[in-house]
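Each remark here refers to the structure printed beneath this line.
No lab work stands behind these numbers, since they all come straight from the coordinates. All figures in this text were calculated on a predicted structure; none of them were measured in a lab. Neighbour counts run over all protein chains shown; Cβ positions are idealised from the backbone, glycine included.
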């Protein structure tokens, strides 16, 4: 990495400073939509058209309005519960399959791996119609399970975990085997703790993509109580088209959790995204 | 002591060799997942192909119509408009976002002062919900006095722009938030790729007195190839499947004026879940699948060879 500027601390480089300022300005432009979203969520209806970033009379009334409606809390809870459940399922099953494919010798292993990997080529949009039919036949339409079932395992996560389990030395597992642990305990108690960084990468990615998922929850739910936050917000915005301050409050509520978690765990999240991105 | 556990499984289990036991364990671990993949991935894939050859409307029994759905698509004016839009999302979105992301990452890589803070500024939009942010951007695009962009333009004495209401501006207006939201991810991946290039290459080049531009062209970009391939394929797939932004920015007039922003996935959604023409929609999903496959293969080919 070109770190030459570091080795020459005394030479003032106007070019470097200009680039730094440009980068900072670009970064501020990037978060402008977020700043205005939060700012507007703190304004009352008469102030929405005043485009100053800092509200003259900041108020939490919009949050009170939106949250006391009850629907938002419900949608928020739905999203949280669904994203958490799907994430746990992925962490367990993707790891289990990745571990088996990485650490067991058996005939058919390669075919199973290729078959799972091949599903990466199939776009979700191609599957939504059959999934809808399946959900209708099984009575899963408009249920939590209906929202969750397609995402319980992913080929992406399986591939990611297989890559990481391959780096776990066989000696550890062999030692546990000699100690008489059964295969599941070896997986769960020995191998899993050794790949914690990969597990958190998988968890971050799965949670984020389920928290923001839109098209499938939109298709499979019809009653408002079962909407996830993005779908609920979308329907809410359509029915209250003019009330931008309330729409912005809803958008802020959908964004706040991920932003807060990021600000607390910044280092781990960036590392997790890099891991998942580069391995995937 | 632990031997007891081994034998507790009965005579059959006890009689198996260690290797055979491993095979049994492996298939036991894979049982539920195999069932899942067969039922939730493979069977639906086959069913999608099958449905694309039927005239099913969800209520009657599906009837086989051969390739009629595809013939209908070929003759459908809206489909070609949608196809053109989808290609535009891909053809503008991928290069613009990648060049922006690379430029930012390349310079950010050399910055020490507040590096983490500036990186966070670029990364934050990646953590937002597309459906929510579409509404924020929609608000920006409103006419005066609501919309911020038009307000800014008019304060400079510039003419108002229709943005989402115009057939020519609507598509780029929808694309902008999509590029914005994914940029941070690409920057972070590029940064990781740049970090992975060993310092010694650069030192050697410096000693030889090679210019910055040559270093970029001869060292940095060739060594970044795996990262570039990944991001090109990953982001192309994203732009080809664009939906959340379009659906939320043009609700009320889905697909924008004269379908100016309608992508393939929105057409699929409407055909299947508003018109209930499941067979016709399935045919559209098959087209999406083939386009995705073709684009990925083409890119892998082109980028590998160079």
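Peptide B:35-48 has a mean shielding of 6, counted as Cβ atoms of other protein chains within 10 Å of each residue's Cβ.
Annotation for the stretch B:267-306 versus the stretch B:216-248: alpha-carbon center distance of 18 Å. Counts of other chain beta carbons within 10 angstrom of each beta carbon in peptide A:215-221 average 3.
Is the shape of the protein assembly as shown best called rounded, prolate or oblate, per the rule: a/c under 1.5 gives rounded, else a/b larger than b/c gives prolate, else oblate, with a ≥ b ≥ c the square roots of the Cα gyration tensor eigenvalues?
On the way: a/c = 1.59, a/b = 1.17, b/c = 1.36.
It is oblate, given that a/c is not under 1.5 and a/b is not larger than b/c.
Model label points for residue B:112 and residue B:216, set 7 angstrom from Cα along the Cα-to-Cβ axis, are 2.3 nm apart. Between helix A:196-211 and chain A there is an angle of about 50 degrees, using the helix long axis and the longest principal axis of the Cα atoms.
Go ahead and collect, in residue order, the members of the stretch B:154-170 whose backbone nitrogen is under 17 Å from a label point 7 Å along the Cα-Cβ direction of residue B:253. Counting backbone N atoms under 17 Å from the label point, the list is B:160-170. Once you reduce the stretch A:165-180 and the stretch B:6-76 to the center of their Cα atoms, the two points are 32 Å from each other.
So if I take the alpha carbon set of the stretch A:101-143, get Rg, then get Rh from the Kirkwood formula, what is the Rg over Rh ratio? Dividing the radius of gyration by the Kirkwood radius yields 1.21.
Normalised by 2.2 N^0.38 Å, where N counts its residues, the alpha-carbon radius of gyration of the stretch A:49-120 equals 2.11.
Scaled against the 2.2 N^0.38 Å expected of a compact globular protein of N residues, the Cα radius of gyration of chain B reads 1.35.
Once R0 is set to 35 Å, what does the formula 1/(1 + (r/R0)^6) return for the Cβ-Cβ distance between residue B:13 and residue B:297, expressed as a FRET efficiency to the nearest 0.05?
0.15
Label-to-label distance for residue B:32 and residue B:152 is 5.1 nm, based on points extended 7 Å past Cα in the beta-carbon direction. Packing-based ranking of A:228-234, A:74-80 yields A:228-234, A:74-80, ordered from highest to lowest mean Cβ neighbour count within 10 Å.
Length gained on full extension, residue A:225 to residue A:172, computed as 0.36 nm times the residue gap minus the Cα-Cα distance: 14.2 nm. For the pair residue B:99 and residue A:13, a Förster radius of 25 Å applied to the C-beta separation gives a FRET efficiency near 0.50, rounded to the nearest 0.05. So if I take the centroid of the Cα atoms in the stretch B:136-160 and the same for the stretch A:242-280, what is the distance between those two points in Å? The distance from the Cα centre of the stretch B:136-160 to that of the stretch A:242-280 comes to 27 Å.
Only helical DSSP H runs with n ≥ 4 go in: add -39500 (n - 2.57) per run for the protein assembly as shown, normalise by residue count and round the 222 nm mean residue ellipticity to 500 deg cm²/dmol. Per the formula, -22000 deg cm²/dmol.
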